Amino acid sequence: MDADGKVCLVGPLTFSTVSAQLAASAALFTDRSRLCFDLSGVTAVDSAALALLVEWLRMGREHAVTVQFSQLSPALRSLGTVSELDQIDATLAMS
C-alpha cells in the first residue's frame, strides 16, 4: 500500500484466494480515512471476488474509511450487474 492508501492487487481473486486476501487486508482499515483497491493486476475473478469487495465496503463503513475500487475488470463489473450490487453501492456501478 502506498502513502495515499492505494492497494494494488495482483493475481486471482477467487474462492481459493479471497480468504487470505481478507485476512491480510484487515489491518489496512486502521489509522486512515481512505483506501483505494486497484484491481488492474487481478488475473481471474469469480463470485467470491465480488463478495470480498462487498466485505471491504462493509469494513470501511465500520471503521469510517472511504473505500474505492479502480480498474475493475469487465468480468467483475458483469458479476456486480447480474447480482444487482451495482444498484446497492455506486462504488460497484459501471461508469
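With a requirement of 2 or more residues that are modelled with pLDDT under 90, of a type outside the set (Lys, Arg) and in contact with a strand residue (DSSP E or B) (Cβ under 6 Å, 6 or more places away or on another chain), the helices (runs of 4 or more DSSP H) lying completely within the chain that satisfy it span 74-82. Taken over segment 23-51, the residue count meeting the criterion of being of a type outside the set (Val, Ile, Thr), under 14 Å from VAL67 (Cβ atoms) and open to solvent by 60 Å² or more (accessible area, probe 1.4 Å) is 3. When you check ARG32 against the structure, is it of a type in the set (D, E, K, R) and closer than 15 Å to GLY5 by Cβ, yes or no? In short, yes. Residues in segment 71-84 that are under 22 Å from ALA26 (Cα atoms) and open to solvent by 30 Å² or more (accessible area, probe 1.4 Å): 1 in all. The residue pairs whose first member lies in segment 64-75 and is more than 18 Å from LEU13 (Cα to Cα), whose second member is open to solvent by less than 40 Å² (accessible area, probe 1.4 Å) and not hydroxyl-bearing (Ser, Thr, Tyr), and whose beta carbons are closer than 8 Å, counting only pairs six or more residues apart or on different chains, are VAL65/PHE29; VAL65/LEU35; VAL65/MET59; THR66/LEU35; THR66/GLY60. Among the residues of segment 13-58, those that are over 11 Å from the mean Cα position of the chain (by Cα), farther than 17 Å from GLY80 by Cβ and among the aliphatic types (A, V, I, L, M) comprise ALA20, ALA23, ALA24, ALA26, ALA27, LEU28.
The values are calculated or read from the model by the stated rules, or taken from the named source; none is laboratory data. Given the structure is predicted, the values throughout are model-derived calculations rather than measurements. Positions of Cβ are generated from backbone atoms using ideal geometry, with glycine treated the same way; all protein chains shown enter the neighbour counts. For accessibility, only protein heavy atoms count, side chains too; no ligands or nucleic acids. Shrake-Rupley method; radii C 1.70, N 1.55, O 1.52, S 1.80 Å.
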